[in-house]
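The structure appears below as structure tokens.
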Amino acid sequence: MLRLLFTLLLLLPLATQASEGEFFLTAKPAEQASLLETWAAQPDAARLPLLENLRQGRIAENDTRKLRLNNRLRGLIDNTLASHQLLSDQANVRLVAAQQLQKTAQPAQMAFLDRRFASEPDAAVHAALGLALANLQLGASEPAVRLAAVRLLGETGDPLARTRLEALLQPDAETDAAVRIAAETSLAQVQRKLLVGELLGQAFSGLSLGSILLLAALGLAITFGLLGVINMAHGEMLMLGAYSTYMVQVLLQRYAPGAIEFYPLIALPVAFAVSAGVGMALERTVIRHLYGRPLETLLATWGISLILIQAVRLIFGAQNVEVSNPAWLSGGIQVLPNLVLPYNRLVIIGFALAVVLLTWLLLNRTRLGLNVRAVTQNRNMAACCGVSTGRVDMLAFGLGSGIAGLGGVALSQVGNVGPDLGQSYIIDSFLVVVLGGVGQLAGSLWAAFGLGIANKLLEPQIGAVLGKILILALIILFIQKRPQGLFALKGRVID
Amino acid sequence: MNQPLIVTATRKAGTRVSMAVGAVVVLVLLALPLLSLLPDGHALQVSAYTLTLVGKILCYAIVALALDLVWGYAGLLSLGHGLFFALGGYAMGMYLMRQAAGDGLPGFMTFLSWSELPWYWAGTQHFAWALCLVVLAPGLLALVFGFFAFRSRIKGVYFSIMTQALTFAGMLLFFRNETGFGGNNGFTNFRTILGFDITAQGTRAALFLLTVGLLLGSLFLCWRLTQSKFGRLLTAVRDAENRLMFCGYDPRGFKLLVWVLSAVLCGLAGALYVPQVGIINPSEMSPTNSIEAAVWVALGGRGTLIGPLLGAGLVNGMKSWFTVAFPEFWLFFLGALFILVTLYLPKGVVGLVKKRSQP
Amino acid sequence: MKRRSLIKAFTLSASIAAMGLSWSIQAAETIKVGILHSLSGTMAISETSLKDMALMTIDEINAKGGVNGKLLEPVVVDPASNWPLFAEKSRQLLTQDKVAVVFGCWTSVSRKSVLPVFEELNGLLFYPVQYEGEEMSPNVFYTGAAPNQQAIPAVEYLMSEDGGGAKRFFLLGTDYVYPRTTNKILRAFLHSKGVADKDIEEVYTPFGHSDYQTIVANIKKFSAGGKTAVISTVNGDSNVPFYKELANQGLKATDVPVVAFSVGEEELRGIDTKPLVGHLAAWNYFESVDNPVNQKFVADWKAYAKAKNLPGADKAVTNDPMEATYVGIHMWAQAAQKAGSTDVDKVREALAGQSFKAPSGFTLTMDKSNHHLHKPVMIGEIQDDGQFSVVWQTEEPLRAQPWSPFIPGNDKRPDYAVKGN
């Protein structure tokens, strides 16, 4: 008997939850909104599962009826859920909830937040809650409460705090002189912090753009820089790399769904092999006949690029294909309130540097590298010394194409994967290699990062279009000054 | 369209016959516009479509010739000749837009609610000034760029990539709506030229004749240039610039002159292209177009005067035909053609002919 | 050896030309219709599916006996995303192939390029894509949306309570005519709703722009100043990097919703939509619209894609411009049937007031005078399966205002089609 009663008691919250869910499902959007607002002000731990489900667009886990949500309701659900999560006994859940509430808390939630603030044991959550409260306290009636809130807001570097403080400083918004002065100091403080975040953000995006340019250009630095082939099909090697990534993703989805999370890693060797294979085949059949006639390689490789693009278009369709970011490459680290460093960009920067390092080691510390450099510097002499120049050419071209394939894997994580992918990178790649100095890996490295950062510094000032034009003009001027690029090969050779 | 015939014919013959064939081609080109004036339904009538198509190809042929002058003779591969072509076209387009707009502003400006013309549009309602611009805009740009480039002895691949950057920058600049050249849409919807209806058959025929005239003129000019001492100096620049300098010549002046001349020829071709085709927009400056021009020259045979003309005609003729006959596969044909020509015909189609006539 | 290969090439080309000739002689008893969509170059990404949709619609009409007892014969050409080539190909279609009508173009510049040709030769063009308006040619029928049939309702929705009650607007577009004009109209509209200039930010990027880090950071900064919505007229290819960057920097639809005017089902195929749920698009048709006409339309298209072995057939989707193409071809066929001829002037007359039960679930009518379709407006939310769910739609189709009243001077424009406007 007792047990029955106990079970019933346990079921009671479930029952209310189910009925609340039913009610929510049938209510009109406006009713749903006011319901959520009431719940947010008076949270009940039993409602947590319902809210979790609402966020998924359903009222219960195994209920197939789909809830029609819009962005307003989604926002309210997030806020209400955060309110409820403050009741959780895990500190990290409460912290995330408090941070969400800093953005979205409404005056009606103030009483509840006050109570939680008073009883919060965890220091970090306490502080976060304090901030969330401070946002609301700006509208409090006692000047002392407002003063404390303003001071607290000054400690954050939150862009929202600036807006709130600015609103407070509007003429006839704040009447108390002491609060006004405190608000001004706080505002200056916040702005300083925001500026730091902004500058760091610009620097980071410059680095990130640079790393992408570097990956796009690195293969070309070998095929063009070392072998002297004006490889207009270089962009298509990038494209092949990106499509290999797509194929790996599709195949894994079909045959090994468990490994799908790591498909970019599996795609790396595949893309390298595909691009290198195609590159070597092209070298053997076409480019081999054109050494020493660099400008004519331009025409032949241009023809190759047309064929590759149209072939991909016929096989995969003209539309872009979907390459999704795995979970570990989505999202980012929140370094400052206005600075998020996305994981995929961080990984790409690291990857670019790793590829440069490997390439450098390969060229400077291995037998193949020695042969490649020998053939580049003096083909006939190298041949005399017993270097099989044909084989070295093929391997070097394969290496350059393969590296382009690796670049394609990285590019697929930040941009389009379509037949025209290569076309959009080819000009930039040539500029990087030429600017850095043909035949110089280090030059390409500096040129790529230099171009990336210069681009990102100019863009906020004069816009993306003018920025790009200015960069091109600067490159043209720079080449006047250093006709052989940043790092010229020094020597007395004259043609 | 009729180039394959010419090729097969010339292959079997020596210089005299090829001269004769050349004369026939010129006569045919001169007859085309006259035949287009015949009344509709006449058996010999040449349609406006054929006329504009051939006219367009002739403009491209002038570009190819101009490019060949700097590449084939002076060894400077420019991947930016599309820019000069488009600048000439834009200068002519400005005049045509002013004609179409009458006293008002060109359509796209009222559209951006501009109230007055930007300063660089001043005077473009006068045909004479527009003609000056056709020459000056590409000419001056080439002069400035060439002066600095040749002064710092940029050559080879560096020069090619820099010209490519130049045309790319130009394209981005003209894409911007604020630049005042109609943005991506460029100039279109022309009405009259010098008071004549631009769609009238007579105007078309006249424009066509002018294009033939310009082509013959530039052919003659290039021929005289290359046959003169100047031409031999250019070839020397191409083959061994340093040795030339050791002989006491300063190659910069020669390079600059031929470079500017080539740019101006492109500008003139562009000016004739725009009224015939009816549109000019920044995609003419896209690096791809300039690379294609290099392909025409290589295909026809660089370092010859007839080669580039043949190349431009062949590639564009094929393109026009393939895009209808095999809309989905034509890029394969075109791509394969480029590869085969570079592999097996290093001197282009003309090389093939020459080999036959001098066994 | 070299000579032989060349001779072979010439023989091959000659025989193919001969094939083409004999084919056109055979097909004398049909009505030729031109299809002018880029199959190569940068625009192939959008236009190839319209070509296939046009072919399917023509098959469908032919299966029902064609028009006036004659079968339709499509003439497909590839203008290769090259604008002068568009003009050349349209002249070829009209004068060499003598087509009765042309279905084609996507970008405004391609339409502007062919317009003088159609007006000169009195041809007929059906243009299936949403565009900036400011044009009304007697030789063109516009089956896509004018700005008032897409942009303005979308902004009204964003300002409504359900749409999030946006107060600030970030207008982001690719730098060409359609975004510029749309944003100009929107700015005037927002002014009329009391939104101040400081709450409107207008930013343009070049074509093919692929690095949206700075712009997304700016959106974030801008959105701190109040409830913000982004109105995106970013063109096709740049959308993937843009949306990827939004997801990267953690900007969610609940914080800053993005409503796009150029992103449809076809574009979403290239994007992982899970991080994008809640972002919006405004169109006149969505594949997810639930009605019998659309069910048949979608099923037919999927079957067609499979039968013709089109690339990616297993994931074939329909979108707004495809529907507009479908509606346009059917309307032309109806009008030609009614006129009893394919003569351009007669068909034009018959088209005025013509109506068709469209997949969007509405009966669409061609306006009596302004050459534009009356269209319903729908706002769709991106779902995690790459489809849209309609969150708002108009009660009935709206009449197009190609001359937007928000652009000064347009009040003097006539409300009927005049050449050379």
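Pairs linking a residue in segment C:234-257 that is on the phi > 0 side of the Ramachandran plot and outside the structural domain of C:Lys221 (by TED's automatic domain parsing) to a residue that is in a helix (DSSP H, G or I) and of a type in the set (Lys, Arg), with Cβ atoms under 9 Å and 6 or more positions apart or on different chains, do not occur.
For segment A:446-463, filtered to residues that are more than 18 Å from A:Ile479 (Cβ to Cβ) and aliphatic (A, V, I, L, M), the residue that is farthest from the chain's Cα centre (by Cα) is A:Ile462.
Segment B:276-359 holds helices (runs of 4 or more DSSP H) entirely within its bounds, and those carrying 3 or more residues that are under 30 Å from B:Leu209 (Cα atoms) map to B:287-300, B:306-325, B:348-357. Please enumerate the residues belonging to segment A:409-421 that are away from every other protein chain (no Cβ under 12 Å) and in contact with a Ser or Thr (Cβ under 7 Å, 6 or more places away or on another chain). Result: A:Val409, single match.
The single residue among A:Gly405, A:Gly400, A:Gly485, A:Gly467 that is among the small types (Gly, Ala, Ser), over 25 Å from A:Gly201 (Cα atoms) and within 14 Å of chain B (Cβ to nearest Cβ) turns out to be A:Gly485. If you go through segment A:316-335 one residue at a time, do you hit one that is touching a helix residue (DSSP H, G or I) at 6+ places or on another chain (Cβ under 8 Å), of a type in the set (Phe, Trp, Tyr) and either within 22 Å of C:Ile215 (Cβ to Cβ) or at the interface with another protein chain (Cβ under 9 Å from one of its Cβ atoms) (or both)? So far as segment A:316-335 goes, yes, one or more of its residues are touching a helix residue (DSSP H, G or I) at 6+ places or on another chain (Cβ under 8 Å), of a type in the set (Phe, Trp, Tyr) and either within 22 Å of C:Ile215 (Cβ to Cβ) or at the interface with another protein chain (Cβ under 9 Å from one of its Cβ atoms) (or both).
Mind listing whichever residues of segment C:29-63 are under 24 Å from A:Gln423 (Cα atoms) and in a loop (DSSP other than H, G, I, E, B)? Listed by number, the residues that qualify are C:His37, C:Ser38, C:Leu39, C:Ser40, C:Gly41, C:Thr42, C:Met43.
Within segment A:299-308, the set of residues being more than 7 Å from every other protein chain (Cβ to nearest Cβ) and aliphatic (A, V, I, L, M) comprises just one member, A:Leu308. Under the condition of being touching a Ser or Thr at 6+ places or on another chain (Cβ under 7 Å) and within 14 Å of chain C (Cβ to nearest Cβ), the residues counted in segment A:215-235 number 2. Could you grab me the full set of residues in segment B:137-162 that are farther than 15 Å from A:Gln484 by Cα and either modelled with pLDDT under 90 or touching a helix residue (DSSP H, G or I) at 6+ places or on another chain (Cβ under 8 Å) (or both)? Scanning segment B:137-162 gives B:Ala137, B:Pro138, B:Gly139, B:Leu141, B:Ala142, B:Leu143, B:Phe145, B:Gly146, B:Phe147.
When we screen B:Phe196, B:Phe190, B:Phe175 for residues that are of a type outside the set (D, E, K, R), over 25 Å from B:Leu261 (Cα atoms) and touching a Phe, Trp or Tyr at 6+ places or on another chain (Cβ under 8 Å), the only hit is B:Phe175. Please work out if C:Leu276 is within 9 Å of chain A (Cβ to nearest Cβ) and touching a residue at least 12 places away in the same chain (Cβ under 8 Å). The answer is no for C:Leu276.
Annotation: of all residues in segment C:138-164 being within 14 Å of another protein chain (Cβ to nearest Cβ) and in contact with a Lys or Arg (Cβ under 8 Å, 6 or more places away or on another chain), the one that is surrounded by the fewest Cβ atoms within 10 Å (Cβ to Cβ) is C:Glu161. Mind listing whichever residues of segment B:146-179 are within 7 Å of chain A (Cβ to nearest Cβ) and basic (Lys, Arg)? Hits for segment B:146-179 are B:Arg153, B:Arg176. Selection of segment C:367-394 for residues being modelled with pLDDT of 90 or more, surrounded by fewer than 14 Cβ atoms within 10 Å (Cβ to Cβ) and not basic (Lys, Arg) yields only C:Ser369. Considering A:Ala183, A:Ala221, the condition of being surrounded by 16 or more Cβ atoms within 10 Å (Cβ to Cβ), in contact (Cβ under 8 Å) with a residue 12 or more places away in the chain, over 19 Å from A:Val417 (Cβ atoms) and touching an Asp or Glu at 6+ places or on another chain (Cβ under 8 Å) is satisfied by A:Ala183 alone. Where helices (runs of 4 or more DSSP H) fall wholly inside segment A:328-407, the ranges with 2 or more residues that are farther than 15 Å from A:Ala221 by Cα and touching a residue at least 40 places away in the same chain (Cβ under 8 Å) are A:343-365. There is no residue in segment C:324-339 that is among the small types (Gly, Ala, Ser) and surrounded by fewer than 16 Cβ atoms within 10 Å (Cβ to Cβ).
A:Thr156 is checked against (1) crowded, with 18+ Cβ neighbours inside 10 Å; (2) β-branched (Val, Ile, Thr); (3) in a helix (DSSP H, G or I) and fails just one. What number does that condition carry? Among (1) crowded, with 18+ Cβ neighbours inside 10 Å; (2) β-branched (Val, Ile, Thr); (3) in a helix (DSSP H, G or I), A:Thr156 violates only (3). The number of residues in segment B:180-233 being hydrophobic (A, V, I, L, M, F, W, C) and either within 14 Å of chain C (Cβ to nearest Cβ) or under 27 Å from B:Trp114 (Cα atoms) (or both) comes to 7.
One line per residue, one yes/no per condition, for (1) aliphatic (A, V, I, L, M); (2) out of contact with any strand residue (DSSP E or B) (no Cβ under 6 Å at 6 or more places or on another chain); (3) in a loop (DSSP other than H, G, I, E, B):
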position: A:Val409; (1), (2), (3): yes, yes, no
position: A:Asp428; (1), (2), (3): no, yes, no
position: A:Val433; (1), (2), (3): yes, yes, no
position: A:Gly452; (1), (2), (3): no, yes, no
position: A:Leu458; (1), (2), (3): yes, yes, no
position: A:Gly467; (1), (2), (3): no, yes, no
position: A:Leu470; (1), (2), (3): yes, yes, no
position: A:Leu477; (1), (2), (3): yes, yes, no
position: A:Phe487; (1), (2), (3): no, yes, yes
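Checked against the criterion of being more than 22 Å from C:Pro84 (Cα to Cα) and within 14 Å of chain C (Cβ to nearest Cβ), the candidates B:Gly22, B:Gly41 yield just one match: B:Gly41. Between C:Lys167, C:Lys198, C:Lys227, C:Lys221, the distinction of being basic (Lys, Arg), surrounded by fewer than 23 Cβ atoms within 10 Å (Cβ to Cβ) and facing chain A (nearest Cβ under 9 Å) belongs to C:Lys221 only. The set of residues in segment C:269-316 that are hydrophobic (A, V, I, L, M, F, W, C) and part of a helix (DSSP H, G or I) comprises C:Leu276, C:Val293, C:Phe297, C:Val298, C:Ala299, C:Trp301, C:Ala303, C:Ala305, C:Ala307, C:Ala313. The condition of being exposed (fewer than 15 other Cβ atoms within 10 Å of the Cβ) and among the hydroxyl-bearing types (Ser, Thr, Tyr) holds for A:Ser119. For segment C:104-124, the criterion of being in contact with a helix residue (DSSP H, G or I) (Cβ under 7 Å, 6 or more places away or on another chain), farther than 17 Å from C:Val347 by Cβ and basic (Lys, Arg) is satisfied by at least one residue.
Under the condition of being assigned to a loop (DSSP other than H, G, I, E, B), more than 8 Å from every other protein chain (Cβ to nearest Cβ) and within 18 Å of C:Asp211 (Cβ to Cβ), the residues counted in segment C:230-265 number 3.
The values are calculated or read from the model by the stated rules, or taken from the named source; none is laboratory data. Everything numeric in this text was worked out from a predicted model, so none of it was measured. Every residue, glycine as well, gets a Cβ built from its backbone with ideal geometry; the counts of neighbours run over all protein chains shown.
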